[in-house]
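Undergrad: Below is a structure I'd like to ask you about.
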Amino acid sequence: MALTAQALVGTSFAVLGALDRYPLALGQAPRYLAAVGLMMLVARRRLPRVGSRDVVRIALIAASGLVAFNLLVQEGVTRSDAASVGVVVGCVPIALALLGPLQRGERPRATLLLAGLVVAAGAAIVQGGGARFTVAGVALALGAMACEAAFTLLAVPLLPRLGALGVSGWTCLAGAAMFAAWALADVGRWRAPDAGEVASLAWLMAAVTVAAFLLWYRAVGRIGAERAGLFVGVVPVSALVTQWMVGQGAPRAAQVAGVALVAAGVTWGMRAAARPPRVVPPA
């Protein structure tokens, strides 16, 4: 589920080009609102009830993982370049390997931290390593990385009660409201989307939001944030494969090596995490 979720997220890069000139908030508000309806239709049930504390946490997930992340990435790319921002954001597996256990009051496992480092290195190679690092760009990318980690970590306490559908649905609903408020402040740029933009938004809604969100939160609930986090390295791999399939260029040898490094890091981390910790007998 974690692999499929992040592979679906990676496909978004092949369609985002069609949305370059469309106002961000104007497209995201209906995307997330429609996603809520589709989730409930697929699940054939309503969203579970939430308490006041849940509302605060859900608002933080939407504000960080949906709104702030998109804004920080957008601004970071303008001050640096997409590959450089991607290299920094690609360190999310390391952040989750460190913060996931700490959230539960446990010590991080060195093997998972090292596996996360291998995955992040492979993802950086796949993305080309970055060519224009700037102070502002790196700072914005670090903020985006923190928001990406928060999207997972803030949801962990909610998953046992609300489940993947509850967390995904309420987060999308909150995100839709936030983007709608943003769009209202930018009325002067409103326009109807063309056919390509509608198709891109539909794919982002159905695959990258509904399917990916539900699969991701189910995976996090089953294997934990730090293990699931290793699969974030699949995003640039999926983007590379998707771009190749739609005729946007064949992978270079270095990128293929990066894909192998991501696969090795994920495999090593999952195998190591599956083994019980070593117990040293008393002397």
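The values are calculated or read from the model by the stated rules, or taken from the named source; none is laboratory data. All figures in this text were calculated on a predicted structure; none of them were measured in a lab. With ideal geometry, Cβ positions are generated from the backbone for all residues, glycine too; neighbour counts draw on all protein chains shown.
Undergrad: Looking at (1) in contact with a Leu (Cβ under 8 Å, 6 or more places away or on another chain); (2) closer than 17 Å to LEU117 by Cβ; (3) modelled with pLDDT under 95, can you tell me which one GLN255 breaks?
TA: Here GLN255 clears every test but (2).
Undergrad: Could I ask something else about it? Residues of segment 228-252 being modelled with pLDDT under 95, of a type outside the set (A, V, I, L, M, F, W, C) and either closer than 30 Å to LEU162 by Cα or not in a loop (DSSP other than H, G, I, E, B) (or both), which ones?
TA: GLY233, PRO236, SER238, THR242, GLN243
Undergrad: Quick check: anything in segment 62-70 touching a residue at least 40 places away in the same chain (Cβ under 8 Å), polar (S, T, N, Q) and within 24 Å of THR134 (Cα to Cα)?
TA: Yes, there is a match, as at least one residue in segment 62-70 is touching a residue at least 40 places away in the same chain (Cβ under 8 Å), polar (S, T, N, Q) and within 24 Å of THR134 (Cα to Cα).
Undergrad: Right, another one. If the Cβ limit is 9 Å and pairs must be 6+ apart or interchain, which residue in segment 94-111 that is on the phi < 0 side of the Ramachandran plot pairs with which residue that is among the polar types (S, T, N, Q) and in a helix (DSSP H, G or I)?
TA: LEU96/THR152; GLY100/THR152
Undergrad: Still on this structure, please answer the following. From the list ARG79, ARG109, ARG46, pick out the single residue that is touching a helix residue (DSSP H, G or I) at 6+ places or on another chain (Cβ under 8 Å), farther than 29 Å from TRP203 by Cα and either basic (Lys, Arg) or buried (at least 18 other Cβ atoms within 10 Å of the Cβ) (or both).
TA: Going through ARG79, ARG109, ARG46 in turn, just one is touching a helix residue (DSSP H, G or I) at 6+ places or on another chain (Cβ under 8 Å), farther than 29 Å from TRP203 by Cα and either basic (Lys, Arg) or buried (at least 18 other Cβ atoms within 10 Å of the Cβ) (or both): ARG109.
Undergrad: Right, another one. Can you tell me which residue among GLY128, GLY166, GLY100 is surrounded by 20 or more Cβ atoms within 10 Å (Cβ to Cβ) and either in contact with a helix residue (DSSP H, G or I) (Cβ under 8 Å, 6 or more places away or on another chain) or within 24 Å of SER238 (Cβ to Cβ) (or both)?
TA: None of the others qualify; the one that does is GLY100.
Undergrad: Return the pairs, sorted by first residue and then second, in which the second residue is assigned to a helix (DSSP H, G or I) and of a type in the set (Lys, Arg), the first residue lies in segment 200-228 and is under 16 Å from LEU38 (Cβ atoms), the beta carbons are less than 7 Å apart, and the residues are 6+ apart or on different chains.
TA: Within 7 Å, the pairs are LEU201/ARG31; LEU204/ARG31; MET205/ARG31; THR209/ARG31.
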